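Chemist: One structure is given below, represented as structure tokens, and several questions about it will come after.
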Amino acid sequence: MTSFAKILAPLTGGARDAAVLASAFAAARPFNAHVAGLVVRPDATEALPFYGEGVSPAVMQEIADVSKRVSDEANRAARASLMAAAKEAGAEVLDAPELRGAPTASFAEVLGNFADQVALAARLSDLVVFGALKEGDRPGLTEAFEATLIETGRPVLLSAHAAPVSFCKKIALAWNESVASAHAVTAALPFLQCAESVEILSVRRGKDETISSAEVKAYLKLRGIVATESIVEAGSRVVGDVLLDAAAKGGAGMLVAGGYGHNRLREMFFSGVTRHVVSHAELPLFLVH
């Protein structure tokens, strides 16, 4: 059975860290994976050019001092959240990533731009966990999500569950015969193989030809996964809304889907009903570009 070994949990020192860590440890549990907590300390010198050349050295130092105090506080809060979540999950916190007979965790701090550093760390991670995305989130959070998904190609888990959950119950799989949806299937195999049941969801609009699920069902069967299938009528609704609604009504604990590119992703996550669903993350989303 395929597995996840390293799960990246970008932390900010804010309230959302609890949900990120709870989901990261829940994802790690079936595979005894390592959860790597990451805090990015902003580089205060990057902001100085925005204040102009007339800023005095004293003001520049004050800006740097305030930035350091805020960063120190965020770092302490993030570390405390990781320690609490690790204790709740029964995971040992180590100095560096290491696999043992149970989930483990580590905490790291880097300096730089949040989105850039998260994307850099994501390159050699099996899964990256973010909390629910909301419009108006702190600068760099949505950018980090998009950079991770689109530029690194690593799978992303969006979930706002602040209490431990299981991602190995029923999983809904969005299927449209595209390369993106096929990539999502292969990337999600660790979850699909441990799931109690898998339902393939295809969306049909009006008189459009029905999408065949035969090929993906045959592939999953080779992996020991017996999946059911459902065809959902879209009507005039956005496809993302239709998939999320069908997955939730079907009792799925996670929706696996392929990303389609920057503009389509933004349309999917920040439009109508989908904006509400993603903001509240009632249904965890496993996404791959």
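The values are calculated or read from the model by the stated rules, or taken from the named source; none is laboratory data. Predicted, not measured: the structure shown is a model, and the values here were computed from it. In this analysis, Cβ positions are derived from the backbone assuming ideal geometry, glycine residues included, and neighbour counts consider all displayed protein chains. Surface areas here come from the heavy atoms of the whole protein model, side chains and all, with no ligands, DNA or RNA. Shrake-Rupley method; radii C 1.70, N 1.55, O 1.52, S 1.80 Å.
Chemist: On the accessible surface of the stretch 195-251, probed at 1.4 Å, how many percent belong to carbon and sulfur atoms?
Modeler: Carbon and sulfur together cover 52 percent of it.
Chemist: Might you work out the accessible area of Met83 for me, using a 1.4 Å probe with all protein chains in place, and round it to the nearest 10 Å²?
Modeler: 100
Chemist: In a shell of Cβ-Cβ distance under 9 Å around Gly13, excluding Gly13 itself, what net charge do Lys and Arg (+1) and Asp and Glu (-1) give?
Modeler: 0
Chemist: Mind grabbing the accessible area of Arg123 for me, 1.4 Å probe, Å², rounded to tens?
Modeler: 150
Chemist: I'd like the GluC sites (Glu not before Pro) in the stretch 180-246 restricted to DSSP loop residues with at most 11 other Cβ atoms within 10 Å, sorted by number.
Modeler: Glu196, Glu209
Chemist: Separate question: Please get the size of the charge dipole for the stretch 68-204, origin at its Cα centre, with Cβ charges of +1 on Lys and Arg and -1 on Asp and Glu, quoted in debye to the nearest 20.
Modeler: Its charge dipole is roughly 240 debye.
Chemist: Which GluC sites (Glu not before Pro) in the stretch 68-158 pass both tests, a DSSP loop state and at most 16 other beta-carbon atoms within 10 Å?
Modeler: For GluC sites (Glu not before Pro) across the stretch 68-158 that sit outside H, G, I, E and B with at most 16 neighbouring Cβ atoms in 10 Å, the list reads Glu98, Glu135.
Chemist: Still on this structure, please answer the following. Provide the net charge surrounding Glu215, with neighbours chosen by a C-beta distance below 14 Å and charges set as Lys +1, Arg +1, Asp -1, Glu -1.
Modeler: That sum, taken over residues with Cβ under 14 Å, equals +1.
Chemist: Charges on Cβ only, +1 for Lys and Arg, -1 for Asp and Glu, centred on the Cα centroid of the stretch 92-205; of Phe145, Val110, Ser166, which one is farthest towards the dipole's positive end?
Modeler: Ser166
Chemist: Also: Send over a whole-number figure in Å² for the accessible area per residue of the stretch 111-244, probe 1.4 Å.
Modeler: 46
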